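Data first, discussion second: the structure below is written as structure tokens.
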Amino acid sequence: MSQKISDKKITIAVWLHTRFRFGDFLCTPILKQMVEDLATQYVFFSNHEEHGRQIAKLNAANITWLKTIFEDVESLPLHLRLLRKFDKGYLYHSLRLRFARLKKLPHWQVWLKASESKREEMQENFLLFKGWQYAWFPFLKSNFFYKLLYNFRHKSTMLFDRKICATLKLITPNLLILGRTHTWETMYFTKAAYGLGIPVVGLVSNWAHPTTLAPMARGISKLLVASRQMKQELMERESIEPDTIVTVGDIQKDLFNNDQGLCTKEQFMQRLKLPINAKLITIGTNKKGLKEHEASIAKYIAQKILQDTWNNCCLYIQAHFLDKDWKRDFQILEESGRIVVRNTCQFTGDLDGYKQRRLFFKNLILHSDIIIQSRGALALDAIALDKPVISLGFDGGLKIAPNDSVIHNYRFLHFKPIIDLKGSWFVKNFKELHDAITCYLLNPKIHKAGRQAVRELCIEPYDGQSSNRTFSAIKECSMLAAARALKPEILPGFSASLESKIDADDSLIKQYMFNMRCGIQSRVETDSIIKNKWRNWQEVNGHQRKVYVFGAGRHTEWLFHNVKYLPGPQVVAILDDNAEQGRKISDFSIIRPSEANVKEIDSIIISTDTFPEKMINRCKECFGNNIQYLYPYNDNLCSV
């Protein structure tokens with residue numbers, strides 16, 4: 001278990017899983033602090049091209065983005081390869097759900113130590129979530145079989161992936177940050193990092209993670225969670241040591257603690273084209289909820305508002321961004337002047353637009369008089385701003401199977417405190433819903449003490465400093481990791497055979513990236529060199545430099561991948577003695593040196609990391625010494 005550590009900088013690798021979480025990340029001070037932290041090299045890697053575009057706009061020498069090779073289907077184990085072939089079909093979803101629901105099981109150590117009453121509660125939570133249907137059998141009673149089942153689920157997902165290992169060996173980080181820890185990819189990263197001796201810090205931002213998205217991937221050194229409740233649940237359900245968990249707060253709620261983008265109620269209502277003196281009721285829908293019941297309840301409230309049951313009220317329906325049918329289900333209710341329906345904010349690559357949508361959401365919560373929700377974190381957003389919340393605990397008059405009823409949402413631990421602490425008004429039928437709206441409009445201070453109790457348990461620390469605490473925790477962990485003082489959790493199932501795989505040949509590194517020679521210590525340092533050189537080569541004698549790139553190998557493929565979104569010279573073509581007709585790299589044609597016209601260009605870039613002298617000599621044979629040659633790793637080499 002060896003790890004290469006750069007002598008110059010601490011290197012932190014950050015795995016980003018989804019587009020919209022990355023948008024939240026960009027909208028916090030964390031990224032700005034990373035840009036200013038010149039003593040540390042940050043490497044982001046993910047599957048999404050827009051991540052690379054946004055990071056390239058930072059123009060920061062100490063921040064790099066890599067497109068992960070994990071998405072290559074051939075890198076996946078056979079059973080996941082087969083499942084991904086049916087990504088859009090019933091077979092993929094049904095099989096994946098059958099195994100995924102097993103992760104609702106509490107950690108086997110928790111099960112063995114639990115009292116009979118506690119076991120009944122765990123069993124009830126599991127069964128209410130229809131876990132038994134996906135597991136093919138009733139809930140286990142035997143301690144032995146329970147432990148066997150848990151370990152099977154746990155170890156079957158903690159599989160080894162050589163390409164992930166190759167990626168981490170190239171980056172050679174001191175610390176690995178997992179932007180989301182409740183995805184199935186996490187298991188692969190933690191196992192590869194463990195084998196390489198790389199400590200892992202996981203961010204647990206989803207409040208449902210400890211109860212419905214567990215088990216936590218083992219082998220993580222530190223977990224940064226958003227609230228005391230999440231820490232307590234991870235300790236109880238996953239047997240995670242309290243010293244491993246750091247409560248930093250929810251970085252998304254830092255936006256609520258400042259006046260940035262804040263407007264008055266009158267301005268906001270004008271923006272929605274609603275009467276400026278009207279009271280605003282907001283309904284937040286959820287894609288994973290029962291769409292039928294949400295639509296029927298929204299229709300009921302819309303009718304009451306149009307009948308002016310509650311004097312001078314308007315309705316805003318906030319549809320979930322993953323809901324493709326929101327127009328069909330909700331926009332039909334839109335009534336000019338009284339009812340507005342919109343889709344919520346999502347990061348789609350336009351950072352400025354995303355920030356504006358986040359600020360709109362902040363104003364929406366702040367200026368709403370009542371928030372109505374059926375499941376989701378919208379309740380916490382409203383409670384954070386001390387807004388009255390109504391929780392829907394009925395199915396809108398529809399005939400729903402008992403196990404499918406929305407009321408079961410409030411039986412899970414992360415939903416329960418909102419109801420148990422009376423942080424919201426829990427309604428079980430249309431009459432109670434009508435009464436709750438009426439009473440809240442007359443007296444919004446009802447349940448104020450309950451909302452405060454929920455804030456202390458499920459939201460605190462809530463002071464606008466969560467981003468700073470998160471960055472400080474990451475920096476502290478990176479310093480400990482560089483000093484070899486941060487140790488990963490021991491993985492008993494990590495065998496010597498897997499360790500030997502990690503220490504085996506580096507053929508994958510050569511195959512997918514490039515073999516590092518020329519005295520360059522790490523891929524991260526090489527990225528910075530290439531990016532800085534590419535920017536410096538942009539102009540010559542007051543105009544954009546025109547260049548040929550000599551060499552059509554893997555180094556050139558990697559080169560264009562890294563500078564894809566950066567300003568730089570104009571590439572005319574790629575030169576190679578073995579050019580194949582019709583072949584291109586990044587849309588640039590590959591031609592033979594005999595086809596080149598050096599009179600139309602300013603320079604030739606030598607693209608190789610191995611034996612550059614041979615390539616430079618070959619260029620001079622073809623084009624002489626009157627053309628400028630550029631080599632990114634050694635400025636003096638081309639002048640010899």
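Computed from phi, the 3J(HN,Hα) profile of the range 417-433 under the Karplus parametrisation 6.51, -1.76, 1.60 (θ = phi - 60°) reads x, 4, 7, 4, 8, 6, x, 9, 9, 8, 10, 10, 6, 5, 5, 5, 5 Hz, with x in place of Gly and Pro.
For every other residue with a beta carbon closer than 13 angstrom to the beta carbon of Ser472, add +1 if it is Lys or Arg and -1 if Asp or Glu, then tell me the sum.
On the way: positive: Lys222, Arg469, Lys475; negative: Asp37, Glu476.
Its environment carries a net charge of +1.
For Ile177, Ile276, what's the largest-to-smallest order of accessible area, 1.4 Å probe?
Numbers: Ile177 5, Ile276 75 Å².
Result, largest first: Ile276, Ile177.
Ranking of Met235, Met216, Met615 by solvent-accessible surface, largest first: Met235, Met615, Met216 (1.4 Å probe, protein heavy atoms only, all chains present). Residue-wise HN-Hα couplings along the range 458-467, as the Karplus relation 6.51 cos²θ - 1.76 cosθ + 1.60 with θ = phi - 60° gives them from phi, are 9, 10, 4, x, 10, 9, x, 10, 4, 4 Hz; Gly and Pro carry x. Ranking Ser466, Ser589 from most to least accessible surface, computed with a 1.4 Å probe over the protein chains only, gives Ser589, Ser466.
Extent along the principal axes, Cα only, for the range 547-627: 32, 27, 26 Å, with the longest axis given first. Backbone geometry of the range 393-400 corresponds, through the Karplus equation with coefficients 6.51, -1.76 and 1.60 at θ = phi - 60°, to 3J(HN,Hα) couplings of x, 9, 9, x, x, 7, 8, 10 Hz, x marking Gly and Pro. Summarising the amide proton neighbourhood of Leu66: residues at separation of 5 or more, or on other chains, whose placed amide H is nearer than 5 Å comprise Phe44, Phe45, Ser46. For Lys445, the solvent-accessible surface computed with a 1.4 Å probe is close to 150 Å², ligands and nucleic acids excluded. Within the full protein context, the accessible area of Glu294 is estimated at about 10 Å² for a probe radius of 1.4 Å.
The values are calculated or read from the model by the stated rules, or taken from the named source; none is laboratory data. Just so it is clear, the model here is predicted, and its values are computed rather than measured. Cβ coordinates were reconstructed from backbone atoms using ideal geometry, including for glycine residues, and neighbour counts include every protein chain displayed. To get the accessible areas, we keep the full protein, side chains included, count just its heavy atoms, and leave off ligands, DNA and RNA. Shrake-Rupley method; radii C 1.70, N 1.55, O 1.52, S 1.80 Å.
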